[in-house]
1. Listed here are the pairs Lys68/Lys115; Lys68/Lys94; Lys68/Lys127; Lys113/Lys167; which of them are more than 27 Å apart at the Cα?
2. If I model a spin label at Ala62 and Ser145 as a point 7 Å from the Cα along the Cα→Cβ vector, what separation in nanometres do I get?
3. Which of Ile74, Ile44 has the fewest other C-beta atoms within 10 Å, and how do the rest follow up to the most?
4. Can you check what the net charge comes to around Leu153, using other residues whose Cβ is under 14 Å from the Cβ of Leu153 (Lys, Arg +1; Asp, Glu -1)?
5. Most exposed first by the Cβ proxy, i.e. fewest other Cβ within 10 Å, how do Glu166, Glu117 rank?
6. For a quick check: sort Arg93, Arg136 by the number of other beta carbons within 10 angstrom, fewest at the front.
7. Would you mind checking which residues have amide H under 5 Å from Thr33's amide H? H placed 1.01 Å from N; only 5 or more apart, or other chain.
Amino acid sequence: MKLKSIMTAFASIVAFAATTAHAAQTTEQSCLTQPELQALIASIMPDAVRGLVGVCRPALPAGAYLQKNGDALIAAFDAEARSSVDAAGVAMRKVAGVKGEISAALSAEALVKVKQEIGVELTKEIKPKDCPGIDRLLFHASALSPANFAGLLGAVGTIVEAGNAEKAGKGGKTAARKKSSFPPICPITFD
C-alpha cells in the first residue's frame, strides 16, 4: 500500500469537487487536528475494508478472520463512519483548502468519491500474497473499537508526518511536504 498515493488521490478528488462547486471561494489550508484526522480515517475505513475483503477473501482459507468476520468488521466501521460525518466534512474542507461554507451536499458527494477512490487505490496495491498479513493485522486490530482503530491510524500518521518533516528540515530527500496538497497534521496536544 502506498499511503502517499492514497493521500494524493484523496486530496485531488476533494479539491476537484470543492473547486468545481465553489470556484470563487478563497483558499486557506491549515493543519488537520487529531479529532478531524480520526474522523476522516473513520469515514473511509468501511470502503477501505470492503476493498481489502474483496481482494483477500479469494486468497484466504475458510478459517481466516476476514472470511469469518469481514462483514461484521465492515458493519462496525460503517456505524463509526456515520457518527463521524460532520468532523470528516471539516477535514475534507481543509484538505480541499476551501475557506467558508461548503454545502453539505458537496461534502457528502466528495466523501463518496473519495471513499470509492481509496478502495480502488487499496485494491491496486494489495496482492494475494499480502492477504495473510492483512488478515492478522485486522484480527489483532479488531480488539479495538472502530474509533480507537481510526485514532491509532491517525497517531501513526502523525508520527510519520513528524519524521518526514524532520528529514525535510535536515535537507533530506523528503521534501514532499512542501509539494503536497494534503494539509499537514497538527502536532498532538494534551488539552
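The numbers here are math on the coordinates, done by the rules we state, and not lab data. If you're wondering where the values come from, they're calculated on a predicted model, not measured in any experiment. When we count neighbours, we look across all protein chains shown, and the Cβ atoms used for this are built from the backbone with ideal geometry, even at glycine.
1. With Cα atoms farther than 27 Å apart: Lys68/Lys94; Lys113/Lys167.
2. Using points 7 Å along Cα→Cβ, the separation is 3.6 nm.
3. Ordered by Cβ neighbours within 10 Å, fewest first: Ile74, Ile44.
4. -3
5. In order of increasing Cβ crowding within 10 Å: Glu166, Glu117.
6. Lowest count first: Arg136, Arg93.
7. Under 5 Å from the amide H of Thr33 lie the amide H atoms of Cys186, each far enough along the sequence or on another chain.
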